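The values are calculated or read from the model by the stated rules, or taken from the named source; none is laboratory data. Small disclaimer: the values here were computed from a predicted structure and weren't measured. Cβ sites come from the backbone with ideal geometry, for glycine too, and all protein chains shown count toward neighbours. Side chains are part of the model used for accessible areas, which takes the heavy atoms of the whole protein and leaves out ligands, DNA and RNA. Shrake-Rupley method; radii C 1.70, N 1.55, O 1.52, S 1.80 Å.
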Amino acid sequence: MSALGLPAGRRSPAVVTGLGIVAPTGIGVRRHWESVLAGKSGLGRITRFDPAGYPVEVAGEVPGFTAGEQVPRGLVDRTDRFTHFALAAAEAALADADADPAQLPEYDMAVVTAASSGGTEFGQHEMERLYQRGPAWVGAYQSIAWFYAATTGQVSIRHGMRGPCGVLCAEQAGGLDALGQSRRLLDTGSRLVLSGGTDASLCPYGLTAQLSTGALSASDDPARAYLPFDEAAAGYAPGEGGAMLLVETERGARERGVRSYGRILGYAAGFDPPSSSGRPPVLASVVRRAVADAGIGADAVDVVFADAAGTPELDRAEAAAINEVFGAGRVPVTAPKTLTGRLYAGGAPLDVATALLALSAGVIPHTPGVERPAPGLGIDLVVGGPRRTGARTAVVLARGHGGFTSALVVEGGDRTDHTA
């Protein structure tokens, strides 16, 4: 049996043929990748509402996104911003992969996404109407627009994808879980899967909910607000956006005559025990299982895209796990998410997209902003600028609030048209 409980020998390689990106670093693959290489940050003072009076004022906002231009007009007022992002990204991923859902059997196409807080901003506005004007003023779409599965449902309906559909709710780790599930769906008969995640919780209600973790940065300087693995690390900046990926079988991509950004080789997930239990966190064992699921050894991994929580304790724990699996300082580690902030459900899919672009280009992006890595971590953190290597295999890590922990192993493909 495989790590996912499937009969041995049954797995067909899963490849990523399309990327759709809506992120603080830009809308579209090329714009995002150019920002990553240049170290151009998308962090700044929150503009979607006045953050004065809140302990957090810096976040990563998606620039220039107008829902009416990106989403069918009839859906704009019925859905939340996190769904707007996903609809736009899904459309872009399909176009990027030259895939026309109308030409494929509807039950052969699946959708699985990640969600964190659901339709926070939509829900906030409806609650304002409830408290200020009464129940009669609450719109009927409140019942579905806030829902975690709203994005999956709307993407499925929009493109006529009537195969298996689902949503994974595991905060930052959920994006990797969704991609792991997409590979499983291919093994059970789906031909292609739209997968990934987006988030949009930069509103007063959403930000207040995030503050309960105690992990957000209070810095009002965008250049200093998110410094994972740095000696000045003091929390993270939140962000919005994410990525959608089109995942299909290698055979299906070959039959369609399209190239891929790369292959999904391995996946594993776990859950940290309570801190009072005295048991260690599970990240190291999760990474080992993902690497084993990929059928490779730890020495075959060329780069790690870190979860990069941005708090000293969690950064030390992640560094320790990386060193335990790969050896101290043996594998380059990077966290380009310092350009966007942590995007929750959208963060890990964006990291996977960035990793695939990096592997295709033979470049490891750096961790912008980090100038003085914290002493004693023992990792080879890529700072100062991109590092050109022959890297072909990457591990992407993600941890979600409460203990969710996931790892995904990807291998670069033969598509380089967006990485020039």
### Query
Does A284 satisfy the condition of being in the same structural domain as I364 (by the TED database), in contact with an Asp or Glu (Cβ under 6 Å, 6 or more places away or on another chain) and among the aliphatic types (A, V, I, L, M)?
yes
### Tabulated pairs, segment 278-290, first under 12 Å from V304 (Cβ atoms), second among the basic types (K, R) and at pLDDT 95 or above, C-beta under 9 angstrom, 6+ apart or interchain
L283/R399
### Task
Give me a count of the residues in segment 208-241 that are outside any loop (DSSP other than H, G, I, E, B) and either in contact with a strand residue (DSSP E or B) (Cβ under 7 Å, 6 or more places away or on another chain) or of a type in the set (S, T, N, Q) (or both).
8
### Task
Considering (1) in contact with a helix residue (DSSP H, G or I) (Cβ under 7 Å, 6 or more places away or on another chain); (2) open to solvent by 50 Å² or more (accessible area, probe 1.4 Å); (3) under 19 Å from A358 (Cβ atoms), say which one R330 fails and leave the rest.
(1)
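For (1) open to solvent by less than 10 Å² (accessible area, probe 1.4 Å); (2) in contact with a helix residue (DSSP H, G or I) (Cβ under 6 Å, 6 or more places away or on another chain), each residue gets a yes or a no:
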position	(1), (2)
T340	yes, no
A345	yes, yes
A348	yes, yes
L357	yes, yes
E371	no, no
P375	no, no
V383	no, no
A394	yes, yes
H401	no, yes
### Task
Tell me which residues, restricted to segment 246-279, are charged (D, E, K, R) and open to solvent by 10 Å² or more (accessible area, probe 1.4 Å).
E250, R251, R254, E255, R256, R259, R263, D272, R279
### Identity of the residue in segment 70-95, of a type in the set (D, E, K, R) and assigned to a loop (DSSP other than H, G, I, E, B), that ends up surrounded by the fewest Cβ atoms within 10 Å (Cβ to Cβ)
D77
### Summary
A319 fails exactly one of (1) open to solvent by less than 20 Å² (accessible area, probe 1.4 Å); (2) within 26 Å of S190 (Cβ to Cβ); (3) not assigned by the TED database to the domain that holds V62; (4) not hydroxyl-bearing (S, T, Y), namely (2)
### Query
Within segment 205-236, which residues are more than 23 Å from V383 (Cα to Cα) and surrounded by fewer than 18 Cβ atoms within 10 Å (Cβ to Cβ)?
Y205, T208, A209, L211, S212, T213, G214, A218
### Message
Take A243 and tell me if it is among the hydrophobic types (A, V, I, L, M, F, W, C) and open to solvent by less than 10 Å² (accessible area, probe 1.4 Å).
### Response
yes
